[in-house]
């Protein structure tokens, strides 16, 4: 029996990765985007964002002829039996709630073109109730509504590891209303299931909850250790040793228990806020009241990092040259959405510092969004004649920097380690004044 042909609607971070990886798994795939420039770039083998390994895989699969990209909805509807909707759900401007306009546009445009037997699978992170609403929308617009299925299959990608997470996910979640939809999803993901990934089959609402619940838990764990860092600062304890000791408890574990500047990016911040907003609409806001504190702790870490820098500069940023290492919200990414590093850099500049930023991958994005900051071509260039250096994204090249070499270019050997990524004794032995969040 031939494999079903697939489409991917939306070729942003999630969609482009999914399209490439499903082709790698042996399927014929067409990716659709409303942005012709993005389609042209992908068709030429260029990934419009930084993700390790994805560019090579894109070019390899374009060469097979089984992967292509288009702006044509009719082409997609005619070609594919299974459609994955991977459009964005950003936070609404001035609100906590998610903006579902892209989801509505994608399903609403595709529905009238669907052929009988089509399965449309939502992968976007959405508020509870969206899948049921989308199913009603498709049913109202599809030529043969009884011959079309809807399912929800949330994504669990980690930026920097997206290819591995797509080809070898730690679980698959299928939100379905029929055995036929489940069977088709099992057919599509057969290579992944055969490789050992477990499958959870559930209803729409639970499938929608899995992603936001997972992100809320991870955000809570990160903010917990950062709350402990606040306590450590006033008690002169060491939060890195506290984290190490806690991590040996198998009930707690070490992952996401690393203290520092906190989380950012396009998922955790907006997902927990949208979760709170939706819970309020459903009358369950008290159940998620703790997420307000999670969010607040996370934002306080940014302010505290600015304070540490000010303390090392004897109370004022005015006239000081400050090097900021890091613009992406995490290493192995060029994503600057809700970047703690750039938030701190901008705050220091507003307080009078001459801020120079360097990041191995996110410079172009940072310049577009923060043109008021200055940028350097290398880490050492950013630190040239600096009165203060801040490590705010834990790229390997920053972690591996020789403190003696760096000391030869700065005006003063002062560093704030916003990610607890360096070895304090090594840096202090090299003559540096070293400060970090939650450490004496």
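All of the numbers you see were taken from the coordinates with simple rules; none came from a lab. Remember, predicted model here, so these are calculated numbers, not experimental data. Virtual Cβ from ideal backbone geometry, glycine too; neighbours counted across all protein chains shown.
Here are a few things to note about the model shown:
- Counting only DSSP beta bridges with both residues in the stretch 3-130, the antiparallel share comes to about 5 percent.
- Compared with the alpha-carbon gap, the fully stretched path from residue 171 to residue 405 is longer by 79.7 nm at 0.36 nm per residue.
- Overall shape: prolate for the stretch 170-267, with the ratio a/c of the largest to smallest alpha carbon gyration tensor axis at 1.5 or above and a/b above b/c.
- Here the gap between residue 367 and residue 203, fully extended at 0.36 nm per residue and compared with their Cα-Cα distance, gives a gain of 54.7 nm.
- Relative counts (whole %) of C-alpha pair distances in the stretch 217-436, using bins that are 5 Å wide: 1, 7, 15, 18, 19, 17, 11, 6, 3, 1, 1, 0
- Site pair residue 156 and residue 217 shows an inter-label distance of 0.9 nm when each label is modelled 7 Å from Cα along Cα→Cβ.
- Between 45, 247, 262, the residue with the greatest mean-square fluctuation in the GNM of the chain (Cα pairs under 10 Å linked by springs) is 247.
- Cα-based radius of gyration of the stretch 293-363 once divided by 2.2 N^0.38 Å, which approximates compact folds: 1.12
- Among beta bridges that DSSP assigns inside the stretch 290-425, antiparallel share in %, nearest 5: 0
- Where labels lie 7 Å past Cα in the beta-carbon direction, separation of residue 137 and residue 287 in nm: 2.4
- Relative contact order %, the chain, counting alpha carbon pairs below 8 Å whose residues are six or more apart: 12
- Cα pair distances of the chain binned at 20 Å [whole percent]: 24, 51, 23, 2
- When the stretch 117-241 is reduced to its Cα atoms, the Kirkwood hydrodynamic radius in Å: 16.8
- For the stretch 159-216 and the stretch 365-429, distance of Cα centres in Å: 40
- Förster-model FRET efficiency, 22 Å R0, residue 311 and residue 235, C-beta, rounded to 0.05: 0.80
- Cα gyration tensor shape of the stretch 306-437, rounded if a/c is under 1.5, else prolate or oblate by comparing a/b with b/c: oblate
- Residue among 104, 46, 95 with the largest mean-square fluctuation in a Gaussian network model of the chain, springs linking Cα atoms under 10 Å: 95
- In the elastic network of the chain, a GNM with C-alpha springs shorter than 10 Å, the most mobile of 16, 411, 323 is 411.
- Proxy reagent accessibility, fewest Cβ within 10 Å first, across 305, 70, 235, 125: 235, 70, 125, 305
- For the stretch 6-202, the square roots a ≥ b ≥ c of the C-alpha gyration tensor eigenvalues yield an a/c under 1.5, which makes the shape rounded.
- Taking each residue as 0.36 nm, the span from residue 109 to residue 179 lengthens on full extension beyond its C-alpha to C-alpha distance by 22.6 nm.
- Antiparallel beta bridges, as assigned by DSSP with both residues in the chain, represent about 5 percent of the total such bridges.
- Each of 223, 316, 374 was scored by other Cβ atoms within 10 Å of its Cβ. Listed from fewest to most, they are 316, 374, 223.
- Approximate spin-label separation residue 93-residue 3, in nm, with each point projected 7 Å along Cα-to-Cβ: 4.2
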